[in-house]
Amino acid sequence: MTTVVRLGIAVLLIASSGGSAEPALKGSAYASAATLPPQQAQFGLWSAGDLSKRDAALSTRVGVDHSARETLADYGHHRFRLLYRDADGAPEQHDAIVDVVVVKSGEGTLQLGGEMLGRRAGSGAGEFVGTRLEGGERHRLGAGDVVHIPAGIPHSFLVANGGHITYLLVKFPAE
């Protein structure tokens, strides 16, 4: 688990540093990659320019839920996604999954905790979605911000009218 988190953090640092892989690949995260199972040992790099192009493309494919998403890589144990939202997202909760978010562009508010109203089963075991969150904390987010959302905490991304938020999302098991 430590190796996977280090590898994920290395890629996050690359993505948020403008694409320079040099500092992030030195040290244990790079050296440890060789000991991972083949699916998890694949190197991933998404330059700042590449992420900006993908951000622009996602903005043209927004669905009825006011979001568009792309899975950048799925390594089995963890995955990287890019999400674009132009309105509030439905609250969600993952009992066994941690979310790490790096805001790429735009701004919004993370509503964290509180009571999930209209809670129903989501796409898998321990996954839930709701209609809204009541209470909890609100945290303003903007480009460059990094957030760790622990497993089991309901959360929702809120976006002001006319705004958007695009973020890189890393999902991994809470072991």
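The values are calculated or read from the model by the stated rules, or taken from the named source; none is laboratory data. Just so it is clear, the model here is predicted, and its values are computed rather than measured. With ideal geometry, Cβ positions are generated from the backbone for all residues, glycine too; neighbour counts draw on all protein chains shown.
Between 156, 105, 123, the distinction of being of a type in the set (Gly, Ala, Ser), part of a strand (DSSP E or B) and either over 24 Å from residue 50 (Cα atoms) or out of contact with any Phe, Trp or Tyr (no Cβ under 9 Å at 6 or more places or on another chain) (or both) belongs to 156 only. Test residue 127 against the stated conditions and say whether it is closer than 18 Å to residue 91 by Cβ and modelled with pLDDT of 95 or more. In short, no. With respect to the stated conditions, residue 95 fails to be in contact (Cβ under 8 Å) with a residue 24 or more places away in the chain, within 29 Å of residue 52 (Cβ to Cβ), in contact with a strand residue (DSSP E or B) (Cβ under 8 Å, 6 or more places away or on another chain) and not hydroxyl-bearing (Ser, Thr, Tyr). Can you confirm whether residue 146 is of a type in the set (A, V, I, L, M, F, W, C), under 15 Å from the mean Cα position of the chain (by Cα), closer than 26 Å to residue 45 by Cβ and surrounded by fewer than 18 Cβ atoms within 10 Å (Cβ to Cβ)? Taking the combined requirement at face value, the residue satisfies it.
With in contact with a Ser or Thr (Cβ under 9 Å, 6 or more places away or on another chain), modelled with pLDDT of 95 or more, part of a strand (DSSP E or B) and within 20 Å of residue 63 (Cβ to Cβ) as the only criterion, which of 141, 82, 110, 133 stands out?
The conditions single out 82.
For residue 34, state whether it is more than 22 Å from residue 167 (Cα to Cα) and either modelled with pLDDT under 60 or in a helix (DSSP H, G or I) (or both). Yes; evaluated as a whole, the condition is true for this residue. Here is a check on your reading of the model: is residue 58 under 13 Å from residue 157 (Cα atoms), touching a residue at least 40 places away in the same chain (Cβ under 8 Å), among the hydrophobic types (A, V, I, L, M, F, W, C) and surrounded by 15 or more Cβ atoms within 10 Å (Cβ to Cβ)? Answer is no for this residue.
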